[in-house]
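To start, the structure under review is shown below, and the notes come after it.
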């Protein structure tokens, strides 16, 4: 599994400055959103679109290191820093081929550090006692700018996990009341009403409406209507809307809302969060095409700005050749997507070159 941090929906963060190995170790959890373990993390710097963080399992095969180098090279990164999380005997076999692959791609490797059990080593080959992990000015700066580093990837997964009983039982009950299907025209009307409420800042939908929406989204036409109405200019609101829906959806119907949440996460640059949502979608439906498409986008290292669907509801209706009764009213159409916005927080190299925290 590989995760990426390509951006951040939070705005107004000042640059984080990485000067040495200690700063790198402090920065990585805030770039990923969680403290990694058993991981190889590559931070790319000096690219035309800023910086990025890519996380891989330590057990990555040789193709994984090639993928790492290819993604960073494709996006024009000139320098990389590597951090391995785990015991020396597991980290070194992951870091060394990654270094070779990066150098072969023309990318300079600035730092290779190891982190394990509360200590870090500025050189992965060092078998000494290492240095204790301590609070740094960079970490304090990140917190003051509203960045969060959860204790682990499992904690990130918990933020989108379906809620347990009694919520799960309530979701199943409400879904049974809806029945097996919702007519397409009714589903489109519901999606449009919810989109208008979201734009106004109304409270999130109730359980009965979530159950009706979940059933309606099994129709691809309705799912696509919800998809085109995700506005890249208002990602935080859409991310929280779909998180609310996802956590209250009956297990058998998780694939569409989980894939829509993953799309929001990808546009926000949250590759790790998107991967976790796609796990939920593909567990519910291993052949769900939208989830498979988004997972391929992650694997290929596509930039968030290139992922926005770029259709208005009217254009979508034209593509489906909807009859008049299924088309959105003219006043109902939001403005065309303006493209994903980059993360306000950013990273600077020790030479002082400012780079936005975006990436592949």
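Observations on the structure shown:
- Within segment 245-302, tally of residues that are in contact with a helix residue (DSSP H, G or I) (Cβ under 8 Å, 6 or more places away or on another chain), assigned to a loop (DSSP other than H, G, I, E, B) and farther than 25 Å from residue 165 by Cβ: 4
- Flag for residue 156 being more than 15 Å from residue 252 (Cα to Cα), modelled with pLDDT under 95, under 25 Å from the mean Cα position of the chain (by Cα) and not assigned by TED's automatic domain parsing to the domain that holds residue 20: yes
- Counting the residues of segment 323-335 that are at pLDDT below 80 and either in contact with a helix residue (DSSP H, G or I) (Cβ under 9 Å, 6 or more places away or on another chain) or in a loop (DSSP other than H, G, I, E, B) (or both) gives 6.
- Qualifying residues in segment 97-124 (those that are out of contact with any strand residue (DSSP E or B) (no Cβ under 9 Å at 6 or more places or on another chain) and surrounded by fewer than 17 Cβ atoms within 10 Å (Cβ to Cβ)) - the one farthest from residue 58 (Cα to Cα): 106
- Some residue of segment 312-322 being modelled with pLDDT of 50 or more, surrounded by fewer than 18 Cβ atoms within 10 Å (Cβ to Cβ) and in a loop (DSSP other than H, G, I, E, B): yes
- Test result for residue 161, assigned by TED's automatic domain parsing to the domain that holds residue 240, in contact with a helix residue (DSSP H, G or I) (Cβ under 9 Å, 6 or more places away or on another chain) and modelled with pLDDT of 95 or more: no
- Here residue 82 meets each of (1) at pLDDT below 90; (2) crowded, with 22+ Cβ neighbours inside 10 Å; (3) in contact with a helix residue (DSSP H, G or I) (Cβ under 9 Å, 6 or more places away or on another chain) with one exception, condition (1).
- Residue within segment 209-229 that is touching a residue at least 60 places away in the same chain (Cβ under 8 Å) and assigned to a loop (DSSP other than H, G, I, E, B) present: yes
The values are calculated or read from the model by the stated rules, or taken from the named source; none is laboratory data. As the structure is a computational prediction, the values presented were derived from the model and not from experiment. So basically every Cβ, Gly included, is an ideal-geometry build from the backbone, and we count neighbours across all protein chains shown.
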